[in-house]
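A short write-up of the structure that comes next.
The values are calculated or read from the model by the stated rules, or taken from the named source; none is laboratory data. Here the structure is a predicted model, which is why all the values come from computation and not from measurement. FYI the Cβ positions are ideal-geometry reconstructions off the backbone, even for glycines, and counts take in every protein chain you see.
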Amino acid sequence: MTATTTAAERLRRQMGTRMPGRDRGWRGTHTTVLLAGLDAPGPGALRATLRDLAALAPDHRIFHRPGTLRGQSSGPVGPVGRVRPVGPVGPAMTRWFPVPRPELADFCDQLVVPVDATAGDLDSLQKQLHDQADPAVPFQVLAGENLVALSVAHPLLDGRPVVTLLAELTARARDGQPPVGLVGADPRHPLALALADHFGRSPGRLLAVARAHRSTPARVATAAPAPATGDGRIRWSSDVCSASATSDPGLLSRLHQWRTHNARGVTRTAVFFAAARAALLEAGLTPAPGLHVLVDNRRYLPGAAGLTGNFSVGVRLDPPDALDPASVAATLDAGLGAGRPLATMALVTARAQCRRPPPPPDSMPPLPRPAMVVNYLGRLRELERLPWQPGLPSRLATASTPGHPELVTFAITQLMGRLQVSASFHASTFDPARIRYAVETLCTDPAGLLERADRTGPAGPAGPAG
């Protein structure tokens, strides 16, 4: 290593790297992902695998801490101008600081936390992990009996890299092989690369995006619906909670038959989104108009280019009939076509570079309505290849910080032939029993929900008592 290289490395450790706008837009959001029913590796094996990764890729994103250049973190503040590479990934955090290489081995050991829990009550464990997340460590692996989990600050990683990390770390900790599947260089300036590749090769797509913007009621998914006016708002504080459920093995086959006879040509995604709204109605909760759809923009990167940071964005859509899968499907096609999510990400990134996200409100309407966020990840084949315990149900549960009192985020996936649904919400806003009822009903009978849906309001008596 030359003197110039050594000096550059020292400067990078001291100054860190600027947090890009696509990461900044997720400040204040934390995500947990749990797998239960596994032949899970122990904490020692996971620590060894992380040390192997540190040896192979010491600059990997998970070996970084958030901070600022001028001590603006909410943690202990040093002298003016002194770098503080610690603190929560909150609104003030603007840089990533690599863990010094001599400290990596100890840092890897700290990333793995044993949990004294079984696969029974995943939602209680999920809340515990979320509430106890270490603000100075934006990435942690949790190991327990028959389960493994990741606790991640969203600015570090979004959904797809989290799934990849969970699968590769778990598999390699079981077989003892080095985690080479996690080693690779991210493309430089990925957003510019995707924009140039998608719109540069076909400039007419920009016109299509503009036409879609004029013809469909879609807009950037901000952190909150419009607040109610007047003096009737009530005090509110955050209380992140989650509800998760899994279907029986035959549900997806039955749903396919229902689609063949009742919604031919309509995607499963649209059916799930419409059924999630119907589930809230049947639980006695009337959703706000529209839905926020989370879209992974990695599809726009050229060739086999991957990305381990954030490259997802939310777009709000307003189907004419949000309980009709065909109407939802048509709105998805029109609102998300021609590269619109990519253009939306460019706008969101530019905003995040220039301003901090607004703080959550401290009040809510007296009669809050769920503002739906929907995220369909499809079939997670990399997780299916993990060693699952015979006789134990395969469970996947996720939770992510809702950025507003009324947001309810549905994460919908397929794993081991079963539908897996999780909902994240604030228990200080909505009755957890009602959200749980909606999630369990969605996993039990999505087709029946659509057939029973009362399109004029909540079903009332069908839901749990308030």
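Residue-level analysis places Ala149 among those that are within 16 Å of the chain's Cα centre (by Cα), more than 22 Å from Arg24 (Cα to Cα) and outside any helix (DSSP H, G or I). Candidates in region 347-398 are the residues that are farther than 25 Å from Pro325 by Cβ and hydroxyl-bearing (Ser, Thr, Tyr); of these, the one that is surrounded by the fewest Cβ atoms within 10 Å (Cβ to Cβ) is Ser363. Just one residue in the set Ala153, Ala149 is surrounded by 18 or more Cβ atoms within 10 Å (Cβ to Cβ), in contact (Cβ under 8 Å) with a residue 24 or more places away in the chain, small (Gly, Ala, Ser) and in contact with a His (Cβ under 9 Å, 6 or more places away or on another chain); that residue is Ala153. Just one of the numbered conditions (1) at pLDDT 90 or above; (2) under 23 Å from the mean Cα position of the chain (by Cα) is not true of Leu53: (2). Residue count for region 57-109 satisfying the condition of being β-branched (Val, Ile, Thr), modelled with pLDDT of 90 or more and not in a loop (DSSP other than H, G, I, E, B): 1.
Out of all the residues in region 281-300, which are surrounded by fewer than 19 Cβ atoms within 10 Å (Cβ to Cβ) and part of a loop (DSSP other than H, G, I, E, B)? Within region 281-300, Thr286, Ala288, Pro289 meet the criteria. Within the option set Gly303, Gly309, being under 20 Å from Pro20 (Cβ atoms) and at pLDDT below 95 holds for one residue only, Gly309. Within region 299-308, does at least one residue satisfy the condition of being under 27 Å from Gly184 (Cα atoms) and charged (D, E, K, R)? The answer is yes, given that some residue of region 299-308 is under 27 Å from Gly184 (Cα atoms) and charged (D, E, K, R).
Here is the figure for region 97-131: residues that are β-branched (Val, Ile, Thr), surrounded by fewer than 20 Cβ atoms within 10 Å (Cβ to Cβ) and within 19 Å of His30 (Cβ to Cβ) total 2.
Criterion applied to Thr456, Thr401, Thr429 was being buried (at least 20 other Cβ atoms within 10 Å of the Cβ) and either closer than 20 Å to Pro325 by Cβ or modelled with pLDDT of 95 or more (or both), and the one residue passing it is Thr429.
Of all residues in region 416-426, one or more are in contact with a helix residue (DSSP H, G or I) (Cβ under 9 Å, 6 or more places away or on another chain) and over 18 Å from Val33 (Cα atoms).
Mind checking which helices (runs of 4 or more DSSP H) fall wholly inside region 335-445 and carry at least 1 residues that are assigned by TED's automatic domain parsing to the domain that holds Val148 and in contact with a Lys or Arg (Cβ under 9 Å, 6 or more places away or on another chain)?
So the answer is none; nothing clears 1.
Can you tell me which residue within region 234-265, out of those that are outside any helix (DSSP H, G or I) and among the hydroxyl-bearing types (Ser, Thr, Tyr), is surrounded by the most Cβ atoms within 10 Å (Cβ to Cβ)? Can you show your working first?
In the first step, residues of region 234-265 are kept if they are outside any helix (DSSP H, G or I); the result is 234-250, 263-265.
Add one more test, that the residue is among the hydroxyl-bearing types (Ser, Thr, Tyr), and what stays is 237-238, 242, 244, 246-247.
Values: Ser237: 11, Ser238: 15, Ser242: 28, Ser244: 24, Thr246: 24, Ser247: 21.
Only one residue tops the list, namely Ser242.
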